[in-house]
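Step one of this worksheet: look at the structure below.
The values are calculated or read from the model by the stated rules, or taken from the named source; none is laboratory data. What you are looking at is a predicted structure, and each value in this text was computed from that prediction instead of being measured. Methodologically, a virtual Cβ is constructed for each residue, glycine included, from the backbone with ideal geometry; neighbour enumeration extends over all protein chains shown.
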Amino acid sequence: MSDAAVGTAERGETLYRAEFYPIFSVLQRVMLVVAGAGIFVPATLLGVFVAIGMQSSWGIVVALGLALVGAALGGAFTALTWRSTSMAMVVTTTGIEVRGYWIRRWIPWDQIARIESSTHWYWRRATCILTHHTLTANGERIIATVTSYQYIFWRNEPYDAQARDPREHLVPTRVAIDAHRRYLRGEFSGEPALGQGVAR
């Protein structure tokens, strides 16, 4: 279900939010502006110098091409990095919202079958949400990338013995699993999906 389909008021009380610590998001956006300028400005200047040096119609075409490539690369880099500063996993009394590089998903509790730690080689130990067969033919695995192990310091979480132990769930996953169990016990409003969800 998309974000547009569910209003903020319908998402219930926020129980937990996993996201980058605010100062890191600010620093990331500052670096983004610097890096974006570092790609766009040289490409534009190169295009201008080529156009001046060649003084031909082909030179102008090449210059415009270089400028457009520079603008496209700089724009894509800026957009992707800007989205990464707002990555989050929000656990509420009605479901879980996942915001990543490419996705923004709202998953109500009744569509969640199980929550576990990801075994993906890169997004290791990130919170992985498995949905029921109602969403797709074979269900779906949604990984909240912001909750992965490599971002533990960016989230300002304690790096204790449990966090260092690869057999243990990280804090975001433990909170999500606990909230799912509470839903299945009927602690939140609405009917729990007993017999459908398996809290782990």
Within segment 78-129, considering residues that are part of a strand (DSSP E or B) and polar (S, T, N, Q), the one surrounded by the most Cβ atoms within 10 Å (Cβ to Cβ)
T127
If I filter segment 130-153 for residues that are within 28 Å of I23 (Cβ to Cβ), assigned by TED's automatic domain parsing to the domain that holds T14, more than 17 Å from the chain's Cα centre (by Cα) and part of a helix (DSSP H, G or I), do I get at least one hit?
no
I'd like the residue in segment 3-61 that is surrounded by 13 or more Cβ atoms within 10 Å (Cβ to Cβ) and part of a loop (DSSP other than H, G, I, E, B) and, out of all such residues, is modelled with the lowest pLDDT.
V6
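P192 - would you say it is in contact with a helix residue (DSSP H, G or I) (Cβ under 6 Å, 6 or more places away or on another chain), modelled with pLDDT of 95 or more and not in a strand (DSSP E or B)?
Against the criterion (in contact with a helix residue (DSSP H, G or I) (Cβ under 6 Å, 6 or more places away or on another chain), modelled with pLDDT of 95 or more and not in a strand (DSSP E or B)), P192 does not qualify.
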